[in-house]
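Worksheet: one structure, shown below.
Laboratory data are not the source of any read-out in this text; all were calculated from the coordinates shown. Being a predicted model, the structure only gives us computed values, none of them experimental. Neighbour counts are summed over all protein chains in view; Cβ atoms, including those assigned to glycine, are modelled from backbone coordinates with ideal geometry.
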Amino acid sequence: MIRVFTNPFLLDIVSVCVKAPDDEKAQLEALTGEPYTLDGAAVGNFISVGPKWVIKHAENEYDFEAGKATTLVVGGFNPQRPGVWRDFLLTTPEAWERHWFPITRICRRIMDAMFISGQAHRLECIVPAARVQSRPELARWYEVLGYHEEGVRYGYCANGSDALAFARVKHGHR
């Protein structure tokens, strides 16, 4: 059983950061210019001013109520300017090994809700080009979410490497 909760606890974010795959850690380093640390990643995402959410798995409803659910994913959106938000997503290997389909559906619905609520007319995703080159399934996943590749941002990362920009816009804004 998969459930989504808004306003994750710091502990939720810490538990995902502990298990985060190496390529996600490397992405945070490339985009921030700082070495990955558990505290830095967890606190940095916890204090994000935009909407945040957490996806958890439990065998039954009681496990959610008893605090025995497994945290799989935390994510959210950071404001860039009015109506424009940049996403963030921290995951665990278990999220993709066992629960990729409901997680994908949940992420898509959260994005839809940002448009329906009027909070967003544009959602963005910036990812190091090297990460997408090493894991082409990422580009396919972004496409399933409704993102469209906008192009290369040359020298965008803190180390001078390139990044790819993806965006999804509300219907009628193209």
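Subtract the Cα-Cα distance of ASP39 and LEU10 from 0.36 nm times their separation in residues, and report this length gain in nm to one decimal.
Result: 9.4 nm gained on full extension.
For region 94-174, just say rounded, prolate or oblate: build the C-alpha gyration tensor, square-root its eigenvalues into a ≥ b ≥ c, call rounded for a/c under 1.5, and beyond that prolate if a/b exceeds b/c, oblate if not.
It comes out oblate by the Cα gyration axes.
Treating only the Cβ atoms of Lys and Arg (+1) and Asp and Glu (-1) as charged, compute the dipole magnitude of the chain about its Cα centre; round to the nearest 20 debye.
It comes to approximately 620 debye.
Is any helix in the chain, taking whole DSSP H runs, at least 20 angstrom long along its axis by alpha carbon and on average at least 0.0 on the Kyte-Doolittle scale, and which ones? Please list the in-between numbers first.
Numbers: long enough: 100-116 (24 Å, 0.68).
Helix filter hits for the chain: 100-116.
Using helices alone, I'd like the mean residue ellipticity at 222 nm for the chain: each DSSP H run of four-plus residues gives -39500 (n - 2.57), total over residue count, nearest 500.
Details: 8 runs with 72 residues, N = 174.
-11500 deg cm²/dmol, from helical runs alone.
Over all directions, how big on average is the projection of the convex hull of the alpha-carbon atoms in region 2-169, in square nanometres? Don't skip to the end; give the middle numbers.
Numbers: hull surface 37.6 nm².
Seen from a random direction, the Cα hull of region 2-169 projects 9.4 nm² on average.
For region 2-169, what's the relative contact order in percent, using C-alpha pairs closer than 8 Å and at least 6 residues apart?
For region 2-169, the relative contact order is 21 percent.
Given 0.36 nm per residue, what is the gain on full extension from ARG98 to SER48 after removing their alpha carbon distance, in nm?
On the way: separation 50, 0.36 × 50 = 18.00 nm, distance 2.79 nm.
Full extension from ARG98 to SER48 adds 15.2 nm.
Lysines within cross-link reach of LYS68: Cα-Cα under 22 Å, excluding same-chain residues under 8 positions apart?
Once the sequence-local lysines are set aside, what remains near LYS68 is LYS19, LYS52, LYS56.
For LYS25, which aspartates and glutamates qualify as cross-link partners when the Cα separation must be under 20 Å and same-chain residues fewer than eight apart are set aside?
Excluding near neighbours in sequence, the set is ASP12, GLU34, ASP39, ASP87, GLU94, GLU97, GLU124, GLU137, ASP162.
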